[in-house]
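Taking it in order: structure first as structure tokens, then the write-up.
The values are calculated or read from the model by the stated rules, or taken from the named source; none is laboratory data. The model shown is predicted, which means the values in this text are computed figures rather than measured ones. Here the Cβ positions follow ideal geometry from the backbone for every residue, glycine too, while neighbour counts run over all protein chains shown.
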Amino acid sequence: MTQPRIRNFCGRTRREFLWEAGAGFGAVALSGLLGDSFFAQQAVAADGTTPFRNPLAPRPPHFTPKAKSVIFLFMYGGPSQVDTFDYKPAMYGRDNQTVAVRTFGRAGHRNDGRIVEPRWRFRQYGSCGKWVSDLFPNLGQCVDDIAFIHSMTADAPVHGSAMLMMNSGRILSGHPALGSWVNYGLGTENQNLPGFVVMLDPRGGPISGAKNWSSGYMPAYLEGTMMRSSGTPILDLARPQNMSDATQRRLLDTLREYNEEHQTARGNNPALAARIANYELAYRMQSYAPEAVDLTQETEETKNLYGMNERRSEVFGRQCLLARRLVERGVRFVQVYSGGHHNDANWDAHGDMVFNHGMHAGETDKPIAGLIRDLKRRGLLDETLIVWGGEFGRQPTAEYPTGTGRDHNSYGFTMWLAGGGIKGGVSVGSTDELGAAAAENPYHVKHLHATILHQLGLDPDRLTYFYSGLDQKLVGVEGAEPIREVMT
Amino acid sequence: MTSPRQLIGLSILCASFWPWSARADQPMADAAGAKFFDKEVKPILQAHCFSCHGGEKKLKGGLNLTSRATLLEGGDHGEVIDLKKPRASLLLDAIHYKDKKMPPRGKLPQAQIEVLTKWVEMGVPYSDKAVVRHGPPKVDAKAKNFWAFRPVKRPDLPAVKKEAWVRNPIDAFVLAKLEAAGFEPAPPADKIALLRRVTYDLIGLPPTPDEVKAFLADNAPDAYEKVVDRLLASPHYGERWGRHWLDLVRYAETDSYERDGAKPFVWRYRDYVIRSLNEDKPYDQFIRDQLAGDELDKVTPDSIIATGYYRLGLWDDEPADPLLAMYDDLDDIVTTTGQTFLGLTVNCCRCHDHKIDPLPQKDYYRFLAFFHGIRRYGVRAFETVAAASLRPIALPEEAELQKKKIAEHKRRLDELAKKIEAIETEIEPKLEGGEKDDFKFPANRPGIVSKHAGGLVTFETFSKYRGLRLEREKLEKNAPTGMAQALCVTEVGPQPPETFVLARGNPQAKGDKVEPGFPSVLTDVGPVLPTPQSDAQSSGRRRVLAEWVASKDNALTWRVIANRLWQHHFGRGIVRSSSNFGYQGTPPTHPELLDWLASEFVSSGTRFKAMHRLMVLSNTYRMSAQPIAGPLAKDPENDLMWRFNPRRLSAEEVRDSILAASGNINLKKMFGPSIYPKIPAEVLAGQSQPGLGWGKSSPEEAARRSIYVHVKRSLPLPILSAFDAADTDATCPVRFTTTQPTQALGMINGEFMNDQAKVFAEDAAKNAGNNVQDQVRAILWRVTQREPTAKEIERGVRFMDRLRQDNIAAPEALRLYCLLALNLNEFMFLD
């Protein structure tokens, strides 16, 4: 909203105010007289007659956006920065040396440790000459489209709370996820698909499950919808096996006759109208969503680009390709998890770096490179913001007396952004010579969140939601500046 | 005490709304200029400028735009306004993005640039309304006299014209406002609408067809009253109203975070709430139980269970910063207690003085000090939770008896062991070779002994031996059960740690030491703290807080609870923001009525049932929910209460009604450990270990009411979350009512719905016979609780006929009709 919020009640939008006040959606729709531009945008429901506004209808951003949608590639478990994108030549040749270094992970606080020399060589890529490890030979070729942030920090080196922080900005659960905030701020462009989609690793969800895509204190339609990459994509989307389309249509038509009669007898109650229209919307979703996930429409060449022809990258490749199809169709926020469940089923390499990161990078390198290239050749990269990273990074030193495993590290880690108004071929911030902690220009998760919101045309300090006596913000009450060095 | 620098830039929040006094250094502006400033300029400054140039947090470039005087003073770059040559003003350069670029995060839209340009040309007029607040609200006489904080005075009943409409005092207050605004109250609701309304309202279930028929046939003047009394006496009343309370106290049965572990015995708290309501326990006792049940004169198992209140929140069992986590836990308690019992967002002054309400930061820590002795829920492993948060709840005499039983059990086992051993000792030397070695292991002994029965061992000894062993086995299987335990609060001992004001809420930044105290705007009287014995289990501080909260003089307590009762009966509170009675809360639509209700509640012994009765028997409650064009246009929000507010069923009502309609609901079984209705595999797949922490209930168990469904924070039951059940991570005073396509998908395609439709169809076929018309009638009765019209029956018959023509078998057609019936708006909405 670029217009001044003069009509707002105490900084809240009318809508928030009404929710807070318990009027609910029905009363909100009723109050079309309020004159708020939110309400002025009355749409017509799928049936073409019933006035119905999907609460996720698109809303104008605060200012002209660079990106329309986000694909967040979540490397759950915490990928190691020094083995991937944060090149530390000083570590080479020093394997097993004990050094004084302050670390904090699941094994607690330590003041020294045994260096684990990265097991991969780094080489330079692109015209920017970015050093990338041999874990990512394909992604390496995309560095001119990527902005690396090497000085990320988070508040907790523990999966549960760090996941909540990366997803919702807080280490306490109960706060809306980034995807919920984005849909709250902008709505979504395709009413036949959810606005916030989450795709999980088939090995399992991340720790705390649905808390990571919960809408917290916001209404439930803002929470992430789990989408599967095979079979029925969304819960209850498919008709029961023994119900044909014709039967379902007959059921919905008869239902509608009853409901319209009921509504007519009750004047123009918008809550009743909304529920009638809602069945039509659901019906359309049923036919629309399967099309969105139908990969038979894609060429072999495209599938191969995403690594779907190789066993190890087939699943993540499919999910990345689905992510592209979803943003193409106007889904606002897609989150894809690499890694799930426990132990080495995700990037949590406590025991053996080579085994763990070899596996997860192997699964994702080609798909992610394919996603960037595919978006780019379709002209979609400019309007799609890709975010890559985990809930934290890993320590330069070993967790145990023997072996290569690394413990969690929230003092310094790497995340990267691409597309959506992001400058390619740049690296901002740095860690110390071992990659143990952020050194120059440290950034916090909230700065990353601010950057994502900013690229979408949302002012992180102005995107507020009144709850528990406060104007809540994703980036915290004190606000946060976006990272301008990575923007075009 | 607090410098403005400590304040966070939320100052703009209320500036457009709250009439803070003007600053003296502002010249009087002419009316047109002032109006232009207030209407056009100020919002732009607030949205784009004040966060850096607002004079509160950080003053960038030394420029302060909050008054004409400071604006004209300029900043580090010198003057920014040239009154003689306005067009040359530096401020205009900046907003046009010439040399300097302001605001830095993006050029203003052209329209706003034009407004500011015009303003500069006008000579930058300000108005006499201040633009930002300077410092937090003060705790002064004016604050103490705020409508919510001042003592409750029972108002006289207002005079009304249409006296005949007034059935009880509630009606007088409502009618007086209606008449003053030129409104008429809506006509009474029809009998069926009223019966559905009151039945759902009081017990959360639909009336049965028999109840409907009986009510329709009863023409006595007290027919409705009898219904109300029946419902208030129903055990299901506690199951319905208990849920409202559970929302407020963030009731959940797991801890959230990585493990999201189950809270042991937490369901006893849920049962305590249901029982308390059913017993009509006075609210003041309900307060004392929960806040200080362990510190009362008479501690009972119930009062211990009630303190489970403190253990319902989140628990991070491996916090990155344990000290901060402890304060986060205390904050959860301060937040929940402040909002639930007092309607105060005390939590807003954890880091700084409250921005909106007269609550200095010090008050937060004084309030927190009441709870500071509470032990953390646990440290990490389950044993630590058991140590800090579990206590046996057997009464002393029961415990004594239990001890005796255990001692007797042990004595008998010892006796048997001796006898068995004696026989074995006798046999052992007679054994040879490998058997001798094998005999060293007790598990082998019975086999060896029986092998030698009639040989080394006489039959007589063997049968004695066998008898002794069987007896021991039986005894071991029937050990006296462990004593009942409750999840409850415990403290570190008689002396809690000292409490300090924490600058910006940072546990490392200790400020002044504080003692326990009530919010200063509410009372001048400080708490009188007990001196506990040196061996006391707790400090006794919470008792002091509980007594103050529950005291008859605590105006907020009674206003807040009276408002909550109103909210749940009438669809919204007299104060809509029912957990925020502060300056930013919504003012009451009927302040006198609220005070009358609060005073009535206290004088009738703080019992809920009398208040329910009063409210639902009023004519206000009995009004029709039908919209009427004129009033609807004038008062669409129904602030005047000119009609009853229609509503959708709550999440629990939706699920319970589906089970009730299908004839499947298990209403008999109340209380006890929670149930696990089936959750689809697709949903379980979202867990890091699919299915972990979700049990399997038998069909009978799974058909119990929704209040008994296990509340797992990271895995809500889909049908409940789809229909806006409370988020359990924090106190929830008002639920959303959303309409979203996933609801419709679940209601048509979901496994639960399709299964229930099947049960429904089988039941309907059994009861209504084979005649399709009778079946349709019976089904519609179940979902709408009324006689269907001929047209409605005809429509259902036609629907099934057509399905039959499509070669769908009769039972399946009937099942589909049941599915349709469960989707009717009339089923989901109440008039």
Would you check if B:PHE601 is more than 24 Å from B:ASP524 (Cβ to Cβ) and away from every other protein chain (no Cβ under 14 Å)? yes
So which residues in region B:229-253 are surrounded by fewer than 18 Cβ atoms within 10 Å (Cβ to Cβ) and more than 20 Å from B:MET670 (Cβ to Cβ)? B:ASP229
Check B:GLY663, B:GLY585 and return the single one that is within 25 Å of the chain's Cα centre (by Cα) and either under 30 Å from B:TYR708 (Cβ atoms) or modelled with pLDDT under 95 (or both). B:GLY585
Every residue from region A:242-267 that is more than 24 Å from B:ARG802 (Cβ to Cβ) and either more than 7 Å from chain B (Cβ to nearest Cβ) or touching a residue at least 60 places away in the same chain (Cβ under 8 Å) (or both): A:ALA265
Has region B:515-537 got at least one residue that is within 20 Å of B:ARG350 (Cβ to Cβ), buried (at least 18 other Cβ atoms within 10 Å of the Cβ) and of a type in the set (Phe, Trp, Tyr)? yes
Residue list for region A:189-227, restricted to those being farther than 14 Å from A:PHE333 by Cβ, of a type in the set (D, E, K, R) and touching a helix residue (DSSP H, G or I) at 6+ places or on another chain (Cβ under 7 Å): A:ARG203, A:LYS211
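Of B:MET641, B:MET615, B:MET611, B:MET623, which residue is at pLDDT 95 or above, buried (at least 18 other Cβ atoms within 10 Å of the Cβ) and on the phi > 0 side of the Ramachandran plot? Outline the logic, then answer.
Numbers: B:MET615 fails: on the phi > 0 side of the Ramachandran plot; B:MET611 fails: on the phi > 0 side of the Ramachandran plot; B:MET623 fails: on the phi > 0 side of the Ramachandran plot.
Of the residues listed, the single one that is at pLDDT 95 or above, buried (at least 18 other Cβ atoms within 10 Å of the Cβ) and on the phi > 0 side of the Ramachandran plot is B:MET641.
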Before we move on, is A:LEU200 at the interface with chain B (Cβ under 8 Å from one of its Cβ atoms), without any contact (Cβ under 8 Å) to a residue 60 or more places away in the chain and either crowded, with 18+ Cβ neighbours inside 10 Å or not hydroxyl-bearing (Ser, Thr, Tyr) (or both)? no
Scanning region B:447-471 residue by residue, the ones that are aromatic (Phe, Trp, Tyr) and exposed (fewer than 14 other Cβ atoms within 10 Å of the Cβ) total 1
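A quick yes/no check of all residues on (1) touching a Cys at 6+ places or on another chain (Cβ under 6 Å); (2) within 9 Å of chain B (Cβ to nearest Cβ); (3) closer than 30 Å to A:THR488 by Cβ; (4) modelled with pLDDT under 95:
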site	(1), (2), (3), (4)
A:HIS150	no, no, yes, no
A:ALA156	no, yes, no, yes
A:GLY160	no, yes, no, yes
A:SER168	no, no, yes, no
A:LEU172	no, yes, no, yes
A:LEU178	no, no, yes, no
A:VAL182	no, no, yes, no
A:GLY187	no, no, yes, yes
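Tell me, yes or no, whether region B:180-191 has at least one residue that is charged (D, E, K, R) and more than 29 Å from B:ARG240 (Cα to Cα).
Applying the first criterion (charged (D, E, K, R)) to region B:180-191 yields B:184, B:190-191.
Subset that is more than 29 Å from B:ARG240 (Cα to Cα): B:184.
Looking for residues that are charged (D, E, K, R) and more than 29 Å from B:ARG240 (Cα to Cα), one finds at least one in region B:180-191, hence yes.
Does A:ALA271 qualify as being within 22 Å of B:ASP831 (Cβ to Cβ) and hydrophobic (A, V, I, L, M, F, W, C)?
yes
If a residue has to be among the hydroxyl-bearing types (Ser, Thr, Tyr) and under 18 Å from the mean Cα position of the chain (by Cα) to count, how many in region B:680-726 make the cut?
From region B:680-726, those among the hydroxyl-bearing types (Ser, Thr, Tyr) are B:688, B:697-698, B:706, B:708, B:714, B:721; that's our starting set.
If we keep only those that are under 18 Å from the mean Cα position of the chain (by Cα) too, we end up with B:706, B:708, B:714, B:721.
Final tally of qualifying residues: 4.
Being surrounded by fewer than 23 Cβ atoms within 10 Å (Cβ to Cβ), under 25 Å from B:LYS678 (Cβ atoms) and free of Cβ contacts under 8 Å to residues at least 40 places away in the same chain is true for just one of B:GLY746, B:GLY769. Which residue is that?
Details: B:GLY769 fails: under 25 Å from B:LYS678 (Cβ atoms).
Selected residue: B:GLY746, the only one of B:GLY746, B:GLY769 that is surrounded by fewer than 23 Cβ atoms within 10 Å (Cβ to Cβ), under 25 Å from B:LYS678 (Cβ atoms) and free of Cβ contacts under 8 Å to residues at least 40 places away in the same chain.
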Please state which one of A:GLN97, A:GLN124, A:GLN141 is within 18 Å of A:ARG406 (Cα to Cα) and not basic (Lys, Arg). A:GLN97
Under 13 Å from the mean Cα position of the chain (by Cα) and within 10 Å of chain B (Cβ to nearest Cβ), is that true of A:SER214? yes
So, in region B:408-427, exactly how many residues are among the small types (Gly, Ala, Ser) and touching a residue at least 24 places away in the same chain (Cβ under 8 Å)? 1
Top-ranked residue in region B:727-743 [being in contact (Cβ under 8 Å) with a residue 24 or more places away in the chain and at the interface with chain A (Cβ under 7 Å from one of its Cβ atoms); ranked as farthest from the chain's Cα centre (by Cα)]: B:THR737
In region A:203-231, residues that are crowded, with 24+ Cβ neighbours inside 10 Å and of a type in the set (Ser, Thr, Tyr) total 4
Exactly one of B:ARG572, B:ARG564 is within 12 Å of another protein chain (Cβ to nearest Cβ), among the basic types (Lys, Arg), under 28 Å from the mean Cα position of the chain (by Cα) and outside any helix (DSSP H, G or I), and that residue is B:ARG572
Quick check: anything in region A:269-290 within 7 Å of chain B (Cβ to nearest Cβ) and either of a type in the set (Lys, Arg) or not in a helix (DSSP H, G or I) (or both)? yes
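Listed here are the residues, each with its yes/no results for (1) farther than 28 Å from B:ALA726 by Cα; (2) at pLDDT 50 or above; (3) charged (D, E, K, R).
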site: A:PRO4; (1), (2), (3): yes, no, no
site: A:ARG7; (1), (2), (3): yes, no, yes
site: A:VAL28; (1), (2), (3): no, no, no
site: A:GLN42; (1), (2), (3): yes, no, no
site: A:MET75; (1), (2), (3): yes, yes, no
site: A:TYR87; (1), (2), (3): yes, yes, no
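Could we say that B:GLY343 is at positive phi, within 23 Å of the chain's Cα centre (by Cα) and modelled with pLDDT of 95 or more here?
The answer is yes for B:GLY343.
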